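Chemist: Starting off with a structure, shown below.
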Amino acid sequence: MEARLQKIIAQWGIASRREAEEMIKQSRVKVNGNLALLGQKVDPQIDTIYIDGKPICDQQRPSLFYLLLNKPAGVVSTCDDPQGRTTVLNLLPSQLQHGLGIHPVGRLDANSTGALILTNDGDLTFTLTHPKHNISKTYRVVVAGKPPEAVLNIWRKGVLLEGRLTRPAKVRLVKSYADQSTLEIILQEGRNRQIRRVAEQLGYPVKGLHRLAIGSIRLQIPKTKLSLNVGEYRHLTPDEVTFLKSK
C-alpha cells in the first residue's frame, strides 16, 4: 500500500517523520536506486528504500520502545550534539543508543530537568509534537522574587510572545521565600523556552525548571512509591502508551 516515504521511514522506527524529511532533503534516501523526493509515495511491498546506501525493509523494523527519562541539567534533548555535549541518548544503555531510531519527543532545554519521553515510534512523535496536540505538561518552577496574584493572573490568561498569545495556563503559587518563589505551572502547549520567556517578560526570571508530568505520565514508578532518580529511565506501561496514542 502506497504512503509518503517519510511516513514509512517513521513507521519503521528509523527516525521521526521530521528527521526522515531532513534525511530526504540531504539526499541520504533513495528509492529503487533513485534519489528520493520529499513527499514521494512508495509501496514498501514493491519498492526498495535505501538509507545511506543500505537497503531497508519492513521486516527489519525494530521493536517499538516507549521510555520515560528523568533528564538531568546540562544534558541536551537531541540524538547527537555538534558541540560534544551529553545527549539524552547517552544516558541509555548502549543497546538502545544505536540502530533502533530512539529519539526524544519534544525537548527540555539543557538547563531544565525532569520528564522526557523517548521512542522510536515516529508516528507517535509526529502526533505529540504537532501544535494542535492537547497533552498537558506539569512543571515545578522556581522564579526570582514573589509574583503577586495580579501577575499570575496575566500568566494564566496568556502572554504575548512573538505576536501571538500563549494559551491559557494553570499557574499556582506553591511556596514563597525571601527572594524566590516556587510555582506549579500546567501548560497545554510547548513553545520554545516558553516558561522562561514568559517569566522573564513578567519580571520574575526562572531560577530552576523541572517537568513533573506529561499528561498522567509521571516520574513516579507505577505501583510503587519510588520515583526515577535523575538520569534514570523506565519503560512506559501499556496503559501509558495507550494514553499517548489516544491523543
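Chemist: Please list the radius of gyration and Dmax for the range 18-69, considering alpha-carbon atoms only, with Å as the unit.
Modeler: Just the Cα atoms of the range 18-69 yield Rg and Dmax of 12.5, 39 Å.
Chemist: Under the rule of -39500 (n - 2.57) per DSSP H run of 4 or more residues, summed and divided by the residues of the chain, what mean residue ellipticity at 222 nm is obtained, to the nearest 500 deg cm²/dmol?
Modeler: Roughly -5500 deg cm²/dmol at 222 nm, from the helical runs in the chain.
Chemist: Then there's this: So for the range 61-206, taking the charge dipole from beta-carbon charges (+1 Lys/Arg, -1 Asp/Glu), which of VAL88, LEU100, LEU128 sits furthest toward the positive end?
Modeler: In the range 61-206, that residue is LEU128.
Chemist: Also, I was wondering about something else. Of all the C-alpha pairs in the range 124-192, what % are more than 21 Å from each other?
Modeler: Percentage above 21 Å: 32.
Chemist: Just want the answer: with Cβ charges of +1 for Lys and Arg and -1 for Asp and Glu, which residue in ASN34, THR224, LEU161 is farthest toward the dipole's positive end in the chain?
Modeler: Positive-end residue among those listed: LEU161.
Chemist: Same structure again: Compute, for the chain, the length of the dipole vector about the Cα centre, with Cβ point charges of +1 (Lys, Arg) and -1 (Asp, Glu) only. Units Debye, rounded to 20.
Modeler: That gives a dipole near 900 debye.
Chemist: Per residue, how much accessible area does the range 29-137 have with a 1.4 Å probe, in Å²?
Modeler: That works out to 49 Å² per residue.
Chemist: Let me ask you something else. Where the accessible area of the range 181-240 is counted over protein heavy atoms with a 1.4 Å probe, how much of it, in %, is carbon and sulfur?
Modeler: Here it works out to 51 percent.
Chemist: Could you work out the relative contact order of the chain, using alpha carbon pairs under 8 angstrom and six or more residues apart, expressed as a whole percent?
Modeler: 21 percent
Chemist: Quick one: if you stick a label point 7 Å off each Cα along the C-beta vector at GLU184 and SER94, how many nm between them?
Modeler: Between GLU184 and SER94, the label points sit 4.3 nm apart.
Chemist: Compactness ratio of the chain: Cα Rg over 2.2 N^0.38 Å, N = residue count?
Modeler: Here the answer is 1.13, to two decimals.
Chemist: Expressed as a whole percentage, what fraction of the accessible surface of the range 9-144 belongs to carbon and sulfur atoms when a 1.4 Å probe is rolled over the protein heavy atoms?
Modeler: Result for the range 9-144: 48 percent of the exposed heavy-atom area is carbon or sulfur.
Chemist: Along the Cα-to-C-beta direction of ALA3, a point sits 7 Å from the Cα; which residues of the range 225-247 have their amide N less than 20 Å from that point?
Modeler: 241-247
Chemist: Same structure, new question: Work out, step by step, the length gained on full extension between LYS54 and GLN26: first 0.36 nm times the residue separation, then minus their alpha carbon distance; give nm to one decimal.
Modeler: Going from the current span to full extension adds 8.5 nm.
Chemist: PHE243 versus ASN34, label points 7 Å from Cα toward the beta carbon: distance in nm?
Modeler: 4.7 nm
The values are calculated or read from the model by the stated rules, or taken from the named source; none is laboratory data. The shown structure was predicted, so the numbers you read here are calculated from the model rather than taken from an experiment. Because the Cβ atoms are built from the backbone with ideal geometry, glycine has one as well, and the counts that use them run over all protein chains shown. In case anyone asks, the SASA skips ligands and DNA or RNA and just uses the protein heavy atoms, side chains included. Shrake-Rupley method; radii C 1.70, N 1.55, O 1.52, S 1.80 Å.
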